[in-house]
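One structure is given below, encoded as structure tokens.
No lab work stands behind these numbers, since they all come straight from the coordinates. Because the structure is a prediction, the values reported are computed rather than measured. All Cβ positions, even for glycine, are placed from backbone atoms using ideal geometry, and neighbour counts span all protein chains on display.
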Amino acid sequence: MNATKVIAFGNFAIYLRKYFFNMRVNTKIRYGLRTIIEIAISTEPSGVLQKDIAKSQHISLKYLDPIISALKLKGLITNSKGKGSGYKLTKEPKDISMLDIYTAFEQITIIECINNLNYCDRSLHDCKGRNYWNEFRDDFTNILRRKNLEQIIEDTYYECKDLLITEQTT
């Protein structure tokens, strides 16, 4: 089943590269994922300090501030003991989807007229492509929804473990 998901996502990614050169995941989403993984894998009872996340992920404290704020605003992380303490997840990793993380930083906007019906005169009834773009947005949303933080951590753990074994045998 994983191979099917990878192939389906692979085809989706190829489609995006071929036809939509501008569609990219921004740095805040990428760093946000790294940040929430760092928080999720911590075994510290008092959570992870922002300065420790910045150091281990090679992210400046200044750039990490809005990332932490977005994750807190979305309700994915919280201070463990109030202001100045470490960060912890507000939910179990299995209950946080990639969609939750992505939308902490960006809305899913494939084309403007899907989210804003006043954007184009044809948005409501005369657009021949509207159904396709709605379906495309729904497919993209479902791809993000399918993977949760627990799965991402597990997949990353095995990648890192395999890399470590390779390095030790060379």
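From the backbone phi of region 56-63, what are the Karplus-calculated ³J(HN,Hα) couplings (6.51 cos²θ - 1.76 cosθ + 1.60, θ = phi - 60°) in whole Hz, Gly and Pro given as x?
Along region 56-63, the couplings run 6, 9, 6, 10, 5, 4, 4, 6 Hz.
Among THR35, HIS58, GLY82, flag the residue with its Cα farthest along the positive direction of the charge dipole of region 29-113, charges on Cβ as +1 for Lys/Arg and -1 for Asp/Glu.
The Cα lying farthest towards the positive end belongs to GLY82.
Over the Cα atoms of region 65-108, how large are the radius of gyration and the largest Cα-Cα distance (Dmax), in Å?
10.7, 33
Could you line up ARG34, ARG146 from fewest to most neighbouring Cβ atoms inside 10 Å? Spell out each step's value before the answer.
Numbers: ARG34 17, ARG146 14.
Fewest-to-most ranking of ARG34, ARG146: ARG146, ARG34.
Which order do the peptides 51-59, 70-78 take when ranked by the mean count of other beta-carbon atoms within 10 Å per residue, highest first? All intermediate terms of the calculation are to be shown ahead of the outcome.
On the way: 51-59: 14.7, 70-78: 18.1.
Listed from highest to lowest mean packing, they are 70-78, 51-59.
Apply the Karplus curve 6.51 cos²θ - 1.76 cosθ + 1.60, θ = phi - 60°, to the phi angles in region 140-153 and return the couplings in whole Hz, x for Gly and Pro.
5, 4, 5, 4, 5, 5, 5, 9, 9, 4, 4, 5, 4, 5
How far is it, in nm, from the label point at ARG30 to the one at GLU154 when both lie 7 Å from their Cα along the line to the Cβ?
Placing both labels 7 Å beyond Cα along the Cβ direction yields 2.7 nm.
Fewest Cβ neighbours within 10 Å first, please rank VAL48, VAL25 accordingly. Walk me through the numbers on the way to the answer.
On the way: VAL48 22, VAL25 12.
Listed from fewest to most nearby Cβ atoms, that is VAL25, VAL48.
Mind listing the long-range amide H neighbours of ILE96? Cut-off is under 5 Å, sequence gap 5 or more, other chains count too, H placed in the peptide plane at 1.01 Å from N.
When sequence neighbours closer than 5 places are left aside, the close amide H contacts are LEU149, GLU150.
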